[in-house]
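Novice: Just passing along the structure, written as C-alpha cells.
Every read-out reported here was derived from the displayed coordinates using simple, explicitly stated rules and does not represent laboratory data. Please read these numbers as outputs of a predicted model, since none were measured by experiment. Using ideal geometry, Cβ is built from the backbone for each residue, glycine included, and neighbour counts are taken over all protein chains shown.
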Amino acid sequence: MDFDINKIREDFPILKQNLYSGQLVYFDNGATTQKPNSVINIINEYYSKYNSNIHRGVHYLSEKMTQAYETARKTVKTFINANSDTEIIFTSGTTESINLVAFSFGEIFINEGDEILISEMEHHSNIVPWQMLCERKKAKLKVIKLNHFGELLLGELDELLTDKTKLVAITHVSNTLGTINPIKDIIKKAHAKGAYVLIDGAQGIQHQKVDVKDLDCDFYAFSGHKIYGPTGIGILYGKEELLNKMPPYKGGGDMIKSVTIEKTVYNELPFKFEAGTSNFVGAVGLDHAIRYVQNIGIDKIAEYESDLATYATDAISRIEGVKIFGQSPNKSSIISFNIENIHHFDAGMVLDKMNIAVRTGTHCTEPIMKFFGIDGTIRASLSFYNTKQEVDKLVEGIKKVKELFG
Ligand code: PLP
C-alpha cells in the first residue's frame, strides 16, 4: 500500500470532527491513539453477531469467538516475531503486563538483597510495581540516570549492573522525552551479567519494527489502545521457558486444568496467566489494528513520522521562548516543551480552544520533571495520520498563546 495521507485520514472518522471553531488537530497520540474504521467496524460486528464467552462453550458463537481470539494471538505473535503463540499473554494493557511480571517473576526470582534496575525516564507504570516488589522482597531498586539531552547515562551501566541484578526494566521509548533507548545493547549487557530484561514497549511498538527474537528481550509489554486498537487490551510477551517457571498472577476461571477443594492444577501457557473472562472482543479489535498497521507498513509509518517530527521540532524550536525537553538525535515523534513564563496548563487550555489537543502535566513521569526542575510540559505526540498543515496550526497556536499571556 502506498502512503497516501488523505486516504489514511479518511480511515479515522474522529479526525474529521469539528470542535469549537474548526477541525480537530489531535496531537495526544502518546496518551491514546485514534481508531480506524476497520477496528471500529470489527468491534461492532463481533458484538452484533458473535458475542459469546470464549474457551468454555461448544456452541457456534463461542467457537467463533474463541477462534477470533486465538487468531488475534497469532497476529501478535507474527507482528513481534515471537517463537510461539504461548508466549503471547493477553492483559488489560502495559500496566497490567508489568504488574504481572513484578508479581509473578518477582515471586520466584527476587530474593532479599537482589537488585532491580530501572531508569529515571520510566513511566510510573514501570516504577511503582518494582518499588512494591522491592518492598515485599526487601530487594533494592537502582536507577540509570538521565543527562540534559534526555538520554540515559549508559556509560554507568557497567557499574550499575552487578551480580545481584536480577532484572532490568526499561522503556523502549520515553513517553515524555521521545528518546529511543538502545535496548538491544542494554539487553546484551544485562544478559552478560545474568539479569533478565523487561521492555516497556508502550511507546515503541506503534512507531517501529519490534522483533523480540532479534532483541532477545525476556519480556515486552504494550497496550492495544496506543497502537490504534481498543482500550482494555494489552500484551505481555515473555520467553516460554521463563513464563513456564513463573506462578500464575491471578486465580480464577480459564487458568486451571482441574480444581478440587484441596488442590488446583494450573492450566498451560498462555491460559495460566489469563484468569477470568478476557476482553475477547478487544483482542479482535487489536488484531485488526495490527493488520491495519501491517497493511500500511511499520517502516513506512516510521519514515513518515520521523519526517513529520523533524519538521515539527524545527518549527517549534524556532519560536522564541520555547524550550524543548528531550534533544536526543535518536527520537520518536514526541515533542515536549514549555513556553517561557507561561504555565503549561494555561497554554494547553488556549490550544484546546483552537481545536488543538495536546497533553499537559507530568505525563506520569515525575522523576523526569524533578530532573529538569519543572512541574510539567506541553507534549505534542505525533502519529502517521498527522500532517505538516496541522503542525503549522500548532505553531500558530503557540504564537497566539504567547501573545495572549505576553
Ligand atoms: N509506559 C509508558 C512508556 C507509557 O507511555 C504508558 C502510558 O502512557 C504506560 C506505560 C502505561 O500504559 P497503559 O496505561 O496503557 O497501561
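Novice: Have a look at the DSSP beta bridges in the chain and tell me what percent are antiparallel, nearest 5.
Specialist: Values: 28 of 47 bridges.
Antiparallel bridges make up about 60 percent of those DSSP assigns within the chain.
Novice: Within 10 Å of each residue's Cβ, count the other Cβ atoms and sort E156, E262, E122 from fewest upward.
Specialist: On the way: E156 12, E262 5, E122 24.
Neighbour counts put them in this order, fewest first: E262, E156, E122.
Novice: For the chain, modelled as a Gaussian network with Cα springs under 10 Å, which listed residue fluctuates most, F90, F222, F280?
Specialist: Highest fluctuation among the options: F280.
Novice: Once both labels are modelled 7 Å past Cα along the beta-carbon direction, what's the F405-K388 spacing in nm?
Specialist: Between F405 and K388, the simple spin-label model gives 2.9 nm.
Novice: Which of the listed residues, I183, S62, V281, is farthest toward the dipole's positive end in the chain, when Lys, Arg count +1 and Asp, Glu count -1 at the beta-carbon?
Specialist: Among I183, S62, V281, the one farthest towards the positive end of the dipole of the chain is S62.
Novice: Now a separate question. Per DSSP helix of 4 or more residues, -39500 (n - 2.57); summed, then divided by the residues of the chain. What does that give at 222 nm, rounded to the nearest 500? Don't jump to the answer; show the numbers that get you there.
Specialist: On the way: 14 runs with 158 residues, N = 406.
The helix-only estimate for the chain comes to -12000 deg cm²/dmol at 222 nm.
Novice: Also, quick follow-up: Net charge around D392, counting only other residues with Cβ within less than 13 Å of its Cβ (Lys, Arg = +1; Asp, Glu = -1)? Intermediate results must be reported in sequence, preceding the final value.
Specialist: Values: positive: R318, K388, K393, K399, K400; negative: D314, E390, E396.
Summing Lys/Arg as +1 and Asp/Glu as -1 gives +2.
Novice: Another question, then. Mind telling me which of H55, H288, H225 comes out most flexible in a GNM of the chain, alpha-carbon contacts under 10 Å?
Specialist: Sorting by GNM fluctuation, first place goes to H55.
Novice: Mind running the shape call on region 111-264? Use the C-alpha gyration tensor, a ≥ b ≥ c as the square roots of the eigenvalues: rounded below 1.5 for a/c, prolate if a/b tops b/c, oblate otherwise. Present the calculation step by step, with values, prior to reporting the outcome.
Specialist: Details: a/c = 1.89, a/b = 1.31, b/c = 1.44.
Verdict is oblate for region 111-264.
Novice: So what is the relative contact order for the chain, in percent, with contacts set as C-alpha pairs under 8 Å and at least six apart? Write down the numbers at each step before the final one.
Specialist: On the way: 792 pairs, mean separation 92.0, N = 406.
Contact order relative to length: 23 percent.
Novice: Still on this structure, please answer the following. What does the charge count around A202 come to, taking other residues whose C-beta lies under 11 Å from its C-beta (Lys +1, Arg +1, Asp -1, Glu -1)? Display every interim value, and only then the final one.
Specialist: Details: positive: K226; negative: E122, D200.
Computed value for this residue: -1.
Novice: Moving to a separate point now. What residue among H207, H363, H148 has the largest mean-square fluctuation in a Gaussian network model of the chain, using Cα springs under 10 Å?
Specialist: Its mean-square fluctuation being the largest, the pick is H148.
Novice: Calculated FRET efficiency, K49 and N111, Cβ-Cβ r, R0 60 Å, to nearest 0.05? If you can, show how the numbers build up before the last one.
Specialist: Numbers: r = 51 Å, r/R0 = 0.84.
Plugging the Cβ-Cβ distance into 1/(1 + (r/R0)^6) gives 0.75.
Novice: Using a 10 Å cut-off around each Cβ, can you sort V143, V265, V358 from fewest to most neighbouring Cβ atoms? Don't skip to the end; give the middle numbers.
Specialist: Details: V143 18, V265 9, V358 26.
Exposure proxy ranking, most exposed first: V265, V143, V358.
Novice: Then there is this: Looking at G251, L382, I301, which one has the Cα that reaches farthest to the positive end of the dipole of the chain (charges on Cβ: Lys, Arg +1; Asp, Glu -1)?
Specialist: Selected residue: G251.
Novice: Averaged over every viewing direction, what's the projected area of the C-alpha convex hull for the chain? Give it in nm², one decimal, please. Could you put the intermediate results ahead of the total?
Specialist: Values: hull surface 83.3 nm².
Reported value for the Cα convex hull: 20.8 nm².
Novice: When E87, E70, E45 are ordered from fewest to most other Cβ atoms inside 10 Å of their Cβ, what list results?
Specialist: Working: E87 25, E70 16, E45 13.
Arranged by neighbour count, lowest to highest, E87, E70, E45 become E45, E70, E87.
Novice: Starting from the Kirkwood radius over alpha-carbon pairs of region 258-345, derive D by Stokes-Einstein at 4 °C in a medium of 1.567 mPa s and give it in µm² s⁻¹. Mind showing how you got there, number by number?
Specialist: Details: Rh = 18.0 Å.
D, rounded to a whole number, is 72 µm²/s.
Novice: Moving on. Using only Cα atoms, find the angle between the long axis of helix 280-296 and the longest principal axis of the chain, and express it within 0 to 90 degrees, rounded to the nearest 10.
Specialist: Its long axis makes an angle of about 50 degrees.
Novice: With +1 on each Lys and Arg Cβ and -1 on each Asp and Glu Cβ, and nothing else charged, work out how big the dipole of the chain is about its Cα centre, in Debye to the nearest 20. If you can, show how the numbers build up before the last one.
Specialist: Working: 45 positive and 51 negative charges, 101 e Å.
Charge dipole, the chain, about its Cα centre: 480 debye, nearest 20.
Novice: About the Cα centre of region 47-200, what is the dipole size in debye to 20, counting +1 per Lys and Arg Cβ and -1 per Asp and Glu Cβ, all else neutral? Don't jump to the answer; show the numbers that get you there.
Specialist: Values: 18 positive and 19 negative charges, 92 e Å.
My answer is approximately 440 debye.
Novice: Based on the Cα gyration tensor of region 267-406, what are the three equivalent ellipsoid semi-axes, each the root of five times an eigenvalue, rounded to whole Å and given largest first? Display every interim value, and only then the final one.
Specialist: Details: eigenvalues 232, 78, 45 Å².
The equivalent ellipsoid of region 267-406 has semi-axes of 34, 20, 15 Å.
Novice: Next question, about the same structure. By its C-alpha gyration tensor, with a ≥ b ≥ c as the square roots of the eigenvalues, how is region 337-406 shaped: rounded for a/c under 1.5, else prolate for a/b larger than b/c, else oblate? Don't skip to the end; give the middle numbers.
Specialist: Values: a/c = 2.30, a/b = 1.29, b/c = 1.78.
Oblate, since a/c reaches 1.5 and b/c is not below a/b.
Novice: Helix 388-405 against the longest principal axis of the chain: what's the angle in degrees, Cα atoms only, rounded to the nearest 10?
Specialist: In the chain, helix 388-405 runs at an angle near 60 degrees to the longest axis.
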